[in-house]
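S.K.: One structure coming up, written as structure tokens, with questions to follow.
The values are calculated or read from the model by the stated rules, or taken from the named source; none is laboratory data. Note that the structure is a prediction, hence the values are computed from the model and not measured. FYI the Cβ positions are ideal-geometry reconstructions off the backbone, even for glycines, and counts take in every protein chain you see. Calculation scope for accessible area: heavy atoms of the full protein, side chains included, ligands and nucleic acids excluded. Shrake-Rupley method; radii C 1.70, N 1.55, O 1.52, S 1.80 Å.
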Amino acid sequence: MAFTYTRSTQGSISVFHLQGDIIDKAEAAAFIDEVNKISASGKNKFVLELLEVKYMNSSGLNILVNVLTKARNAGGDVVVCNLSKKVSELLVITKLDSIFHILPTVEEGIKKLNSK
């Protein structure tokens, strides 16, 4: 399944709803570019909803880590939420669950980022 995304905004927080397979940096280029533009504008808080991400490989993990690094280096943060079972297991196996804020819903992610 091809990678797609939609974005909404809640105040200074960008909420990305990611869908499909995240297996290739080139396929996610538009998403990466949009994150970079938002970050360059000074908005560095992101919620990534991953419920409809069916598969992710090391390239997909790298994309998530790059978004997290960019946000935190600029004083922001990232919350991932609504994880599918496969993605949740992948984050646990790779121990990335210890560096990401993982919450069950977008609303809780927004609340977490608003409290920072």
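S.K.: Of everything in segment 47-59, what is part of a helix (DSSP H, G or I) and open to solvent by less than 60 Å² (accessible area, probe 1.4 Å)? Give them in sequence order.
M.R.: Answer for segment 47-59, where residues must be part of a helix (DSSP H, G or I) and open to solvent by less than 60 Å² (accessible area, probe 1.4 Å): just SER59.
Results for (1) touching a residue at least 40 places away in the same chain (Cβ under 8 Å); (2) out of contact with any Lys or Arg (no Cβ under 8 Å at 6 or more places or on another chain), shown as yes or no for each residue.
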| residue | (1), (2) |
| --- | --- |
| SER14 | no, no |
| ASP21 | no, no |
| GLU27 | no, yes |
| LYS37 | no, yes |
| LYS45 | yes, no |
| GLU49 | yes, yes |
| LYS54 | yes, no |
| GLY60 | no, yes |
| VAL67 | no, yes |
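S.K.: Only one of these is closer than 18 Å to GLN19 by Cα, among the β-branched types (Val, Ile, Thr) and outside any helix (DSSP H, G or I): VAL87, VAL78. Name it.
M.R.: Answer to the check: VAL78.
S.K.: If ILE102 meets every condition in (1) open to solvent by 40 Å² or more (accessible area, probe 1.4 Å); (2) not in a strand (DSSP E or B) apart from one, which number is that one?
M.R.: Unmet condition: (2).
S.K.: Give ASN82, ASN44, ASN62 a once-over and let me know the one that is open to solvent by 20 Å² or more (accessible area, probe 1.4 Å), modelled with pLDDT of 95 or more and in contact with a helix residue (DSSP H, G or I) (Cβ under 8 Å, 6 or more places away or on another chain).
M.R.: ASN82
S.K.: Now a separate question. Within segment 69-102, count every residue that is at positive phi and touching a residue at least 12 places away in the same chain (Cβ under 8 Å).
M.R.: Matching residues across segment 69-102 total 2.
S.K.: Can I ask one more? Looking at PHE16, PHE31, can you tell me which residue is touching a Phe, Trp or Tyr at 6+ places or on another chain (Cβ under 6 Å), modelled with pLDDT of 95 or more, of a type outside the set (S, T, N, Q) and part of a helix (DSSP H, G or I)?
M.R.: Sole residue among the options that is touching a Phe, Trp or Tyr at 6+ places or on another chain (Cβ under 6 Å), modelled with pLDDT of 95 or more, of a type outside the set (S, T, N, Q) and part of a helix (DSSP H, G or I): PHE31.
S.K.: If you go through segment 1-12, how many residues are closer than 21 Å to LEU91 by Cα, in contact with a Lys or Arg (Cβ under 9 Å, 6 or more places away or on another chain) and modelled with pLDDT of 95 or more?
M.R.: 0
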